[in-house]
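One structure below.
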Amino acid sequence: MPKTGLSVRPGSSLDIEDHIVFFGIAYLLAPVLDRVLPSSVFHFRIRKKGNKPHPKHLFQNEHHPLLAKQNRKLLRIFGDWYEVWPEFIAEAQKLYEKEGFKYLVESDITAYFENVSHPLLADVLRQHAYHQLPLINLLMEMISTWATPSFWGVRPQRGIRRAMRCRAGSALCF
């Protein structure tokens, strides 16, 4: 998948069925995991604004095969980075002044998503969402299946899909 400039990152194209199941799992697990994240984590947090449909009503749509645009917006559970950016800047400024720091460093972890350990991820999910074990096991099976096999056909026990934003006219992505 293209990154910026001339660089690329590993990626995969999923079937629509995988997207639907993955979205459903994220919709059910995200609120549980969001509660255990420290307040210093700002990105990919549960959206505070708006009403979200109850999980039991998630795919109910008797009259139309596709959801109307306003209903699709309701399903977006994660806040956008630009919604939390002012809060992040204010918190960084507060810490900067309180602690007397002279510098603030912004960094990026290279190949982070490609190196997430499947066993470690499973342990963390099971620790915090122990009542959702069948769902977590399904997710871990899907993640393992999506991992790109080596030349010898062995799938690594690391790497997760990176959440990607779709642009107008691009292929379906999540």
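The values are calculated or read from the model by the stated rules, or taken from the named source; none is laboratory data. Here the structure is a predicted model, which is why all the values come from computation and not from measurement. Using ideal geometry, Cβ is built from the backbone for each residue, glycine included, and neighbour counts are taken over all protein chains shown.
Residues in region 97-148 that are under 29 Å from residue 15 (Cα atoms), without any contact (Cβ under 8 Å) to a residue 12 or more places away in the chain and over 18 Å from the mean Cα position of the chain (by Cα): 4 in all. When you scan region 112-120, do you find a residue that is at pLDDT 85 or above and surrounded by fewer than 12 Cβ atoms within 10 Å (Cβ to Cβ), even just one? Yes, region 112-120 contains at least one residue that is at pLDDT 85 or above and surrounded by fewer than 12 Cβ atoms within 10 Å (Cβ to Cβ). Scan region 77-102 for residues that are small (Gly, Ala, Ser) and assigned by TED's automatic domain parsing to the domain that holds residue 25 and jot them down. Residue satisfying the conditions is 79 alone. Residue check: residue 83 meets all listed conditions (1) surrounded by 11 or more Cβ atoms within 10 Å (Cβ to Cβ); (2) at pLDDT 80 or above; (3) not in a helix (DSSP H, G or I) but one, namely (3).
Checked against the criteria, residue 38 counts as part of a loop (DSSP other than H, G, I, E, B) and either at pLDDT 80 or above or in contact with an Asp or Glu (Cβ under 7 Å, 6 or more places away or on another chain) (or both).
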